[in-house]
Every structure is written in structure tokens, then in C-alpha cells.
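S.K.: Below: one structure in C-alpha cells.
Here, each number is a calculation from the coordinates, and none is a lab measurement. Keep in mind that this is a model prediction, so the values were computed, not measured. Counting neighbours? That spans all protein chains shown, and the Cβs are built from the backbone with ideal geometry, glycine included.
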Amino acid sequence: MKRKKTTHIVIHTAAWPGDPDIEDIRRVHVDENGWSAVGYHYLIRKDGSIEKGRPEGNVGAHCRNGGMNRKAIGICCSGHGDITAFTVQQVETLCSLVNVLRRRNSIDIAHVIGHREAGAAKTCPGTKVDMDELRIDIDEQNILGISRAELKDFNTIEEQIAFVEQKIT
Ligand SMILES: [Zn+2]
């Protein structure tokens, strides 16, 4: 089912130790939960590569709170956010992917939220993930507090889109 509007982006953790791929998550969501498809639109692996989940324009199955499934793109980072923070590579890719999606849909940084911020009784995207810091990183296309030396700069929107596309496996 197509989503009628896209006003938010919701960030998740796979809450799964190690580095599950989209197939691992699909097995849980489809084979165990009986959903029609994997609930997220994108998964970012620990090396920063991006795997596609359900089509980006479809209603998601990742955050029931606040009606987010009907108005948000859901991005999951592999690993377990209660155990370890996202990797530098994940943050770098996440910043770029979120910014490309924000531009495409005119989404304000305040509407980029963690699952728990939608009112879910969960820690997702994890107690090790500071959403305020992450929003600053995204807004500044920066990796504050992790490694400024690895900061990825873009001169143009096209460069950033190309970076994201090259990360999609
Ligand atoms: Zn979540």
C-alpha cells in the first residue's frame, strides 16, 4: 500500500547483536511475524552499506506510535543500540541517506526521530544512541563526537545522492 504523505523519518536499531542483513530481518518479520514484507524501508549495515527493505513509498511496519507507519520512512541500523552505539560508517551513511530523503520530501530535522521519541515504550534506537547528537550530525552532515577526521563533505546535492547510491548493495 502506498504511503499518502512523508513527513517524518524514524530511526531504529535492529536490537540484534552482530550485523544482521535485510534477509535475517525479513525472516523474522515475514516468516515469524507473518507480515507482508520486512517492516523497514532501509537497513544500514555496520560497514555503512545500505540494503533496501520494503519499497520506499509504501506504508511501513516499524512504528505504530503517532501513526508513523503511514507518514514516515523507517531506517534501521543493524546491531544492538542498547549494547553499542552505531558505527562511524553507519552514522556517515545514515546522515547522507537521511539528508537525501529530507531534501526529496522537505522534512525538517525536528521530524527525524528515534522510535522511542514517537512514544514507544522502548529504548529503540538504543540507550547508546543520543538522538539530539545524531540530529546535529545529520543537520551539519557531520560526525560530531566520533571522528571529525572522517567527516564526509559534499559540495553538491548530486555528490551526496551519488554517495548514497553507491552505498546501496
Ligand atoms: Zn524501533
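S.K.: Can you name the residue in the stretch 1-22 that is of a type in the set (V, I, T) and within 16 Å of the ligand (Cβ to nearest atom) and, of all such residues, is nearest to L94 (Cα to Cα)?
M.R.: Top of the filtered list is I11.
S.K.: Search the stretch 120-134 for residues that are within 10 Å of G81 (Cβ to Cβ) and in contact (Cβ under 8 Å) with a residue 12 or more places away in the chain and pair each with any residue that is more than 14 Å from the ligand (Cβ to nearest atom) and of a type in the set (S, T, N, Q) when their beta-carbon atoms are under 7 Å apart and the residues are at least 6 apart or on different chains.
M.R.: The qualifying pairs are K128/T84.
S.K.: Does any residue in the stretch 17-43 that is in contact (Cβ under 8 Å) with a residue 40 or more places away in the chain come within less than 8 Å, Cβ to Cβ, of a residue that is part of a helix (DSSP H, G or I) six or more places away or on a different chain, and which pairs are these?
M.R.: Close Cβ pairs (under 8 Å, with a partner that is part of a helix (DSSP H, G or I)) amount to Y42/L97.
S.K.: Still on this model: Given the conditions (1) in a loop (DSSP other than H, G, I, E, B); (2) within 12 Å of the ligand (Cβ to nearest atom), report the number of the one that I107 does not fulfil.
M.R.: (2)
Yes/no per residue for (1) under 21 Å from D24 (Cβ atoms); (2) without any contact (Cβ under 8 Å) to a residue 24 or more places away in the chain; (3) among the aromatic types (F, W, Y); (4) crowded, with 24+ Cβ neighbours inside 10 Å:
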{"site": "I50", "(1), (2), (3), (4)": "yes, no, no, no"}
{"site": "N58", "(1), (2), (3), (4)": "yes, no, no, no"}
{"site": "N65", "(1), (2), (3), (4)": "no, no, no, no"}
{"site": "A72", "(1), (2), (3), (4)": "no, no, no, yes"}
{"site": "D82", "(1), (2), (3), (4)": "yes, no, no, no"}
{"site": "Q89", "(1), (2), (3), (4)": "yes, no, no, no"}
{"site": "S106", "(1), (2), (3), (4)": "no, yes, no, no"}
{"site": "G114", "(1), (2), (3), (4)": "no, no, no, yes"}
